[in-house]
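Note sheet for the following structure.
The values are calculated or read from the model by the stated rules, or taken from the named source; none is laboratory data. Since the structure is predicted, the reported quantities are computational estimates derived from the model, not experimental observations. Cβ: placed from backbone, ideal geometry, glycine included. Neighbour counts: every protein chain shown.
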Amino acid sequence: MTEAESFPLQRIFDVADLKPEGVDVTVETTPEERAALAQFLDLPAIHRLDGTFRLTGNERRVTVLGEVHADIVQTCTVSLETFDASIHEEVEVVFENQDVVPFDARGKQAPRAAADTPATLRDLESELDAPDELIDGKIDLGAITAEFLALGLDPYPRKPGVEFSYDQADARESPFAALSELKATPSPDKK
């Protein structure tokens, strides 16, 4: 089983189905997909997960704009209690066919080659967020939905109202505290 086949959420869109005016696509998840994705992301539960997307462009370059919404259960890193949380993430992803570049000045497509690209353009591309690769003319909107859910997760979730407190009185003494006391008390042998 390949990595793509084992991923818990897939919605493949074929770029050949893209219309000149664009296409609206909604990704709605099933309870089974949410349960598998919750396990994949190490979450107690995902109650709702959906994505709404607008795809525009052509077979060489596609822009995906939209939103991902989720209602999830997370575990508080302070109290270890579970709590409900909502996630809303804006989506903007550009896909490009990496095999060809747009038409050159003569109106011909040429294979992409770093040597043919001016140095300033290569430097600009490296500074900017380069487009994702369009593979076999397909885009997995399920993977985009799951990716933006994961990006929206708080890595250290805290249940509302829970505060971390450190009480010095409850702390165990340092193993070096006993040595400090020995050094501070005079030895009976010394006069």
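Okay, residues lined up against (1) surrounded by 14 or more Cβ atoms within 10 Å (Cβ to Cβ); (2) in contact (Cβ under 8 Å) with a residue 60 or more places away in the chain; (3) more than 21 Å from residue 88 (Cβ to Cβ):
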residue	(1), (2), (3)
10	yes, yes, yes
29	yes, yes, no
34	yes, no, no
47	no, no, no
51	yes, yes, no
59	no, yes, yes
65	yes, no, no
69	yes, no, no
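One line per residue, one yes/no per condition, for (1) touching a Gly at 6+ places or on another chain (Cβ under 8 Å); (2) small (Gly, Ala, Ser); (3) assigned to a strand (DSSP E or B):
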position	(1), (2), (3)
8	no, no, no
21	no, no, no
51	yes, yes, yes
59	yes, no, no
74	no, no, yes
78	no, no, no
98	no, no, no
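Picking from residues in segment 10-19 that are assigned to a helix (DSSP H, G or I) and among the aliphatic types (A, V, I, L, M), the one that is farthest from residue 140 (Cα to Cα) is 16. Can you go through 61, 54 and tell me which one is over 18 Å from the mean Cα position of the chain (by Cα), over 15 Å from residue 149 (Cβ atoms), among the basic types (Lys, Arg) and modelled with pLDDT of 95 or more? Sole residue among the options that is over 18 Å from the mean Cα position of the chain (by Cα), over 15 Å from residue 149 (Cβ atoms), among the basic types (Lys, Arg) and modelled with pLDDT of 95 or more: 54. Restricting 132, 84, 136 to residues that are within 17 Å of residue 72 (Cβ to Cβ), at pLDDT 75 or above and among the charged types (D, E, K, R) narrows the list to 84.
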